[in-house]
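K.L.:
This is the structure I want to talk about, given as C-alpha cells.
The values are calculated or read from the model by the stated rules, or taken from the named source; none is laboratory data. Given the structure is predicted, the values throughout are model-derived calculations rather than measurements. Every residue, glycine among them, receives a Cβ derived from its backbone with ideal geometry; neighbour counts consider all protein chains shown. Note: areas computed on protein heavy atoms with side chains; ligands, DNA, RNA excluded. Shrake-Rupley method; radii C 1.70, N 1.55, O 1.52, S 1.80 Å.
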Amino acid sequence: MAHIVILGAGIGGMPMAYEMKELARPEDTVTVISNTDTFQFTPSNPWVGVKWRSREEVTFPVAPYLERKGIKFIPRGAARLHPDRNQVELVDGQVIDYDYLVIATGPKLAFDEVPGLGPQGHTHSVCSVDHAEKSANEWENFCAQPGPIVVGAVQGASCYGPAYEYAFIMETDLRKRKIRDKVPMTFVTAEPYIGHLGLGGVGDSKGMLESSMRDRHIKWICNAKVTKVEAGKMFVTEHNDDGSVKKEHELPFGYSMMLPAFKGIDAVFGIEGLTNPRGFIIADPYQRNPKYPNIYSVGVCVAIPPVETTPVPTGTPKTGYMIESMVTATAHNIRNALDGKEPSEKATWNAICLADFGDAGAAFVALPQIPPRNVNWFKEGKWVHLAKIAFEKYFIRKMKKGTTEPIYEKYVLGAMGIKKLK
C-alpha cells in the first residue's frame, strides 16, 4: 500500500488527483493538499477583472468532488517539504508522510522584485481570482474617472497570454461603455517583440497581434524593464536588441495591470537538488526529480529554461494542455514505480491556446510547445471568443465530474495529431 500525495489543487493538481486515482492500485491512498479549499479556473480571471464573470462562476469547492472519487483532501498550505524524510510539513504543524509526491503548486508571484508592483503596491493583477476581484472593483472606479492605462508583463514573466487578453478585454469593455476615446493604452512587455509569448512566436503571432493592437489603438513598448512603480506612474527602461538602453520612459496611468515574474513557493525554495535558483522543481523527461526519484512535478512549478536568450529576461509559459500532458505522463510513471518498473512515459508538451480579445480572439496550436515544432499554427477570429467561453464551461464541468480526458476529447484531438504522450 502506497500513499501518493499531490501538492496543489489547481489546473495541474486536480487532473493529477483524478488520473492518479484511476491508475493507482485499490489499496493505495491518494491525498491532495492545498492552501485553498476551492478550485479556480485561472484562464477566466481576465473576465473577472472587468466583472464579466463573478467568483462564483469560475470557482467551486474541491472537497466534495475529490471525496466522491475516494480522494482525501487537506485544505491547509504546506510550510516546508522535507524530501529526506518523505514528509510535508503543513502550516498548522501537522506532518504528512508520503511514498510518492507530486508537486503541482503553481508559482509564487514575485511582485517584490519590482518596487511598487502588485496589489500591495500600485498595479493590479489577474493571476488569482482574489487579485482579479480587487482589479474589478478598481476598474469600476477607473471607468467613472477614465485616464491612461498601462498593461503588460514585467521582466522575467513567463505567462504573457493573460496580459494580451486583459488588454484587449479592457479595450472592448471601454468601447461598450463608450469611453474608449478617453483612455490612451500602452502595452509594456519584456518580450523582444509583440507576439513572442515567451515561445519565440507561434506562426504569425507577431504580425497578427501587432495588427490587432494597431486596429485598437494600443501602443506598445518591447524589450522593456520596469524599474519601479509609483502611484500613477511607471518607470520603464526600453532596451535595444543588443541589450543596451534605448530610452527611459515615465508612463502616467490611471489604471495598470502588470503580470509579475514567477518563483517557486516558499515550501520548496532552496532545497538543494530539488529546485533551481528560482525555486522551480527540477524534473527529468519523465517528470521525476533526479535527486529524489519519488518526487514528480507538473505545471507552472516545473523548471523549464527560456526558449532563447532575449535582451530583457523572459520565461517560458506552461499552457493548459501542456500541463495535462505532464499529468498523464506522471500518473503512468508512478504506476510503473508501484509495479516495480522504470518510468516509460514522456509528456509531449503539445500546446493548444485560446486567447480571448473580448469580442474576438486568437488561437494557436504548437506541437510541441517548445521549438522546433512539427506544427506551428496561429489564427484569429470571432470564433475564438465563443470557443473560449465554451472551453471554460467544458473544463469546469470536467473537473467536477472527475473525468480528465473524455473519450470524445481523446479521439478528436488524436485525429488532429494532438496527443499527451510521446
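K.L.:
Does Glu89 count as open to solvent by less than 70 Å² (accessible area, probe 1.4 Å) and within 30 Å of Gly340 (Cβ to Cβ)?
P.N.:
yes
K.L.:
Does region 213-230 contain at least one residue that is of a type outside the set (A, V, I, L, M), in contact (Cβ under 8 Å) with a residue 24 or more places away in the chain, within 19 Å of Gly49 (Cβ to Cβ) and assigned to a helix (DSSP H, G or I)? Working first, answer last.
P.N.:
Start the filter on region 213-230 by keeping residues that are of a type outside the set (A, V, I, L, M), which leaves 214-217, 219-220, 222-223, 225, 227-228, 230.
Now narrow it down to the ones that are in contact (Cβ under 8 Å) with a residue 24 or more places away in the chain: 216-217, 219-220, 222-223, 225, 227-228, 230.
Cutting the leftovers down to within 19 Å of Gly49 (Cβ to Cβ) gives us 216.
Restricting the remaining residues to those that are assigned to a helix (DSSP H, G or I) gives none.
No, region 213-230 has no match at all.
K.L.:
A follow-up question, please. Report yes if Ile282 is at pLDDT 95 or above, closer than 24 Å to Ala366 by Cβ and of a type in the set (A, V, I, L, M, F, W, C), otherwise no. I'd like the intermediate steps shown before the answer.
P.N.:
Details: at pLDDT 95 or above: yes; closer than 24 Å to Ala366 by Cβ: yes; of a type in the set (A, V, I, L, M, F, W, C): yes.
So Ile282 passes the test.
K.L.:
Another question, if that's okay. For region 304-361, what are the residues that are aliphatic (A, V, I, L, M), outside any helix (DSSP H, G or I) and in contact with a Ser or Thr (Cβ under 9 Å, 6 or more places away or on another chain)?
P.N.:
We begin by selecting, within region 304-361, every residue aliphatic (A, V, I, L, M); these are 304, 307, 312, 322-323, 326-327, 329, 331, 334, 337-338, 347, 351-352, 354-355, 360.
From the residues that got through so far, the ones that are outside any helix (DSSP H, G or I) too are 304, 307, 312, 347, 351-352, 354-355, 360.
Hits for region 304-361 are Ile304, Val307, Val312, Ala347, Ala351, Ile352, Ala360.
K.L.:
Which of the numbered conditions does Gly106 fail, given that it passes all the others? Conditions: (1) in contact with a helix residue (DSSP H, G or I) (Cβ under 7 Å, 6 or more places away or on another chain); (2) at pLDDT 95 or above; (3) not hydroxyl-bearing (Ser, Thr, Tyr).
P.N.:
If we test Gly106 against (1) in contact with a helix residue (DSSP H, G or I) (Cβ under 7 Å, 6 or more places away or on another chain); (2) at pLDDT 95 or above; (3) not hydroxyl-bearing (Ser, Thr, Tyr), just (2) comes out false.
K.L.:
Continuing with this model, one more query. Criterion first (closer than 24 Å to Leu81 by Cα and touching a residue at least 60 places away in the same chain (Cβ under 8 Å)) does Tyr65 satisfy it?
P.N.:
Working: closer than 24 Å to Leu81 by Cα: no; touching a residue at least 60 places away in the same chain (Cβ under 8 Å): yes.
No, not satisfied.
K.L.:
For Phe73, work out the one condition from (1) closer than 26 Å to Cys159 by Cβ; (2) open to solvent by less than 40 Å² (accessible area, probe 1.4 Å); (3) not hydroxyl-bearing (Ser, Thr, Tyr) it doesn't fulfil.
P.N.:
For Phe73, the failing item is (1).
K.L.:
Within region 128-161, which residues are surrounded by 19 or more Cβ atoms within 10 Å (Cβ to Cβ), in a loop (DSSP other than H, G, I, E, B) and among the polar types (S, T, N, Q)?
P.N.:
Gln155, Ser158
K.L.:
I'm told Ile323 meets every condition in (1) aliphatic (A, V, I, L, M); (2) touching a helix residue (DSSP H, G or I) at 6+ places or on another chain (Cβ under 6 Å); (3) over 30 Å from Asp84 (Cα atoms) except one. Can you identify the failing condition by its number?
P.N.:
Result: Ile323 fails condition (3) only.
For every residue, the table says whether it meets (1) over 18 Å from Val268 (Cα atoms); (2) of a type in the set (Phe, Trp, Tyr).
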residue	(1), (2)
Phe39	yes, yes
Val62	yes, no
Tyr65	yes, yes
Gly77	no, no
Leu81	no, no
Arg85	no, no
Phe111	yes, yes
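K.L.:
Could you list, in sequence order, the residues of region 53-94 that are small (Gly, Ala, Ser) and over 19 Å from Thr29 (Cβ atoms)?
P.N.:
Here is the first cut: in region 53-94, the ones small (Gly, Ala, Ser) are 54, 63, 70, 77-79, 93.
Within region 53-94, Ser54, Gly77, Ala79, Gly93 qualify.
K.L.:
Criterion first (in a helix (DSSP H, G or I), β-branched (Val, Ile, Thr), surrounded by fewer than 18 Cβ atoms within 10 Å (Cβ to Cβ) and modelled with pLDDT of 85 or more) does Ile396 satisfy it?
P.N.:
For Ile396, the condition - in a helix (DSSP H, G or I), β-branched (Val, Ile, Thr), surrounded by fewer than 18 Cβ atoms within 10 Å (Cβ to Cβ) and modelled with pLDDT of 85 or more - is not met.
K.L.:
Checking Val300 against (1) under 20 Å from the mean Cα position of the chain (by Cα); (2) under 19 Å from Gln155 (Cα atoms); (3) open to solvent by 40 Å² or more (accessible area, probe 1.4 Å), which test does it fail?
P.N.:
Only one criterion in (1) under 20 Å from the mean Cα position of the chain (by Cα); (2) under 19 Å from Gln155 (Cα atoms); (3) open to solvent by 40 Å² or more (accessible area, probe 1.4 Å) is unmet by Val300, namely (3).
K.L.:
If you go through region 173-210, how many residues are open to solvent by 10 Å² or more (accessible area, probe 1.4 Å) and polar (S, T, N, Q)?
P.N.:
1
K.L.:
Still on this structure: In region 92-127, what residues are surrounded by fewer than 22 Cβ atoms within 10 Å (Cβ to Cβ) and of a type in the set (A, V, I, L, M)?
P.N.:
Val95, Ile96, Leu109, Ala110
K.L.:
Additional query: Determine which member of the set Met170, Met213 is aliphatic (A, V, I, L, M), modelled with pLDDT of 95 or more, open to solvent by less than 20 Å² (accessible area, probe 1.4 Å) and within 26 Å of Gln120 (Cβ to Cβ). Even if it seems obvious, please write down each step before you answer.
P.N.:
Numbers: Met213 fails: within 26 Å of Gln120 (Cβ to Cβ).
Step by step, each of Met170, Met213 is checked, and only Met170 is aliphatic (A, V, I, L, M), modelled with pLDDT of 95 or more, open to solvent by less than 20 Å² (accessible area, probe 1.4 Å) and within 26 Å of Gln120 (Cβ to Cβ).
K.L.:
Taking the stated definitions as given, is Arg278 surrounded by fewer than 24 Cβ atoms within 10 Å (Cβ to Cβ), farther than 30 Å from His385 by Cβ, touching a helix residue (DSSP H, G or I) at 6+ places or on another chain (Cβ under 7 Å) and not aliphatic (A, V, I, L, M)? Before you say what the answer is, go through the steps one by one.
P.N.:
Details: surrounded by fewer than 24 Cβ atoms within 10 Å (Cβ to Cβ): yes; farther than 30 Å from His385 by Cβ: yes; touching a helix residue (DSSP H, G or I) at 6+ places or on another chain (Cβ under 7 Å): no; not aliphatic (A, V, I, L, M): yes.
No.
K.L.:
Hey, can you tell me all the residues within region 281-297 that are surrounded by fewer than 19 Cβ atoms within 10 Å (Cβ to Cβ) and among the β-branched types (Val, Ile, Thr)?
P.N.:
Within region 281-297, just Ile282 meets the criteria.
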